[in-house]
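The values are calculated or read from the model by the stated rules, or taken from the named source; none is laboratory data. Predicted, not measured: the structure shown is a model, and the values here were computed from it. Here the Cβ positions follow ideal geometry from the backbone for every residue, glycine too, while neighbour counts run over all protein chains shown. These accessible areas exclude ligands, DNA and RNA; they are computed on the full protein's heavy atoms, side chains included. Shrake-Rupley method; radii C 1.70, N 1.55, O 1.52, S 1.80 Å.
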Amino acid sequence: MSLILPDPHEPKKEAFDANQQADSIVVEVSRNIPSTQRGLSARHALFIAWGGTVGTGLFITTGKTLATGGPAFLVGSYIFVSILVYFILTGVIEIATFLPVRGGSMSWYGRRFVSNSLGFAMGWLYVYSYAVLVPFELTACAILSDFWQPGVNSAVWITILLVLLVALNVLPVRFYGEAEFIFTGVKLATITGLLFLSFILFWGGGPRRDRLGFRYWEDPGATNTLILAGDIGRFVAAIATVISSILPFTFTPEMVVGTAAEIKDPKRNIPRVAKHFTWRLVVLFVGSVAGIRMAGIHGLDSVINAVALIAAWSTGNAFLYLSSRSLHSMAIEGSAPGIFKRCTAKGVPIYAVGATACVSLLSYLTLNSSSAEILNWLLNLVNTGGFLSWVCCSITYLRFRRACEVQGVSGEQLAPRSMLQPYSSWITLVLFSVFVFLNGFTVFFPSHWAIADFVSAYIGLPAFFALYFGHRLLYRGEPWVIPAHLVDLTPGVPELDTLEV
């Protein structure tokens, strides 16, 4: 409860000094050097968020998840996770709409509404997690390319695609937005087409006139067992399926917030993006897991593989953008070297793009190990970061909500506000805290123990706490949690400027 209740004995005074210091830093940056620019429209922001979700997680790892739990557990897991992601989305959108800032991110809000230490740890979590997702997607691209040219070394495909990613990210943001609009449009059109095809094949409309229905839910079965037999094995499979099915959704709410820094008219467009994002999330993600057989349709495998390749590359493109912007935001706050806050005249944080692109070199690890093993390691690393982020997002919203109540901010100023809040944030806080520890739980079974899998599944947890407590050690005089009546809810000079754009 200490996260929510303020100290009633602490005297009323000016907002926490760190917020004023952060404002002065942003003012200095905006006056003396070029900064990022609001070159994204609402459609750009929506498709960038989609570009980070409709990728490898949906087109490739869904097959692994299906094999783990079976169709019933897969569909149930996607529905369950969609609900939890919606809970997170309603909270972060309320915050971002109330105070949209240039260079803002969920780490910025964590710093402003909870503590400097939490914001610092969150910021580096995003830089690291987004950057790691890029080689994850490039590795997937190499696997997909082998479908047509199995004899070509993976390094060739990785190099070509990486160069294209970097080239697009050093162009002005409007070019990046247009590219994501096109690529994500292709992905969404493909998913929609597959949904119609699934419906047709369901009723026997394929070339073989074979009515599939729910045949494969009966044979081999709707649910699988994992590691153990019987009901206990199905319970283990259900948990593993939920954990695995979270990947396509990882960081999706944070992506919407991330684009708020460069979107035009954020007060109006951020809620619009969130509204469209929500229903498409449910319809397309849940609907797309109704697996199909090729049913004798020649060439369809090549078409789907090509779209999956575009999806993986486009998703890597989105994550390189978000990683560089997170590093840029950290530099503006004074939590990263000052060189990363420098932008070109067109508003591109060029040094941040270069630094985060270097992490993509991890994709060359596939040259010495199997691609599947590298994908599994990176998947575990990303999942841990996603769980930690959603725990922090829940805490940040609860502190923001409490500060608004204590300081008398009216509901009209907080549109859109979900009727499910703040209860849904309490739910996500508890559940994702549990998921953090369940991320690699299968390694604790003797038959599945592997040091590499254990390290990749849990290394993110001590790394995050090392960042948090390391910052606390350096700034021992700061409060663990900013009291609710001292949280700064008023926009400063740089924020007022962005509110009118």
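Taking the condition modelled with pLDDT of 80 or more and either open to solvent by 20 Å² or more (accessible area, probe 1.4 Å) or in a helix (DSSP H, G or I) (or both), does L375 pass? So L375 does not fit the description; no. When each of L171, L212, L164 is tested for being outside any helix (DSSP H, G or I) and modelled with pLDDT of 70 or more, the lone residue that passes is L171.
All of S105, S82 fail the test of being open to solvent by 10 Å² or more (accessible area, probe 1.4 Å) and of a type in the set (S, T, N, Q), apart from S105. Count of the stretch 411-432 residues, restricted to those that are open to solvent by 40 Å² or more (accessible area, probe 1.4 Å) and either of a type in the set (S, T, Y) or not in a helix (DSSP H, G or I) (or both), is 6.
Considered as a group, the residues in the stretch 446-459 that are open to solvent by 50 Å² or more (accessible area, probe 1.4 Å) and outside any helix (DSSP H, G or I) include one that is farthest from G385 (Cα to Cα), and that residue is W449.
Listed here are the residues, each with its yes/no results for (1) part of a helix (DSSP H, G or I); (2) open to solvent by 20 Å² or more (accessible area, probe 1.4 Å); (3) at pLDDT 80 or above.
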position: G193; (1), (2), (3): yes, yes, no
position: Y216; (1), (2), (3): yes, yes, no
position: F235; (1), (2), (3): yes, yes, yes
position: P253; (1), (2), (3): yes, no, yes
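Among residues of the stretch 478-497 that are farther than 20 Å from R402 by Cα and surrounded by fewer than 19 Cβ atoms within 10 Å (Cβ to Cβ), those with a Cβ under 8 angstrom from a residue that is at pLDDT below 55 and charged (D, E, K, R), sequence gap 6+ or separate chain, pair up as G492/D23; V493/D23; E495/D23.
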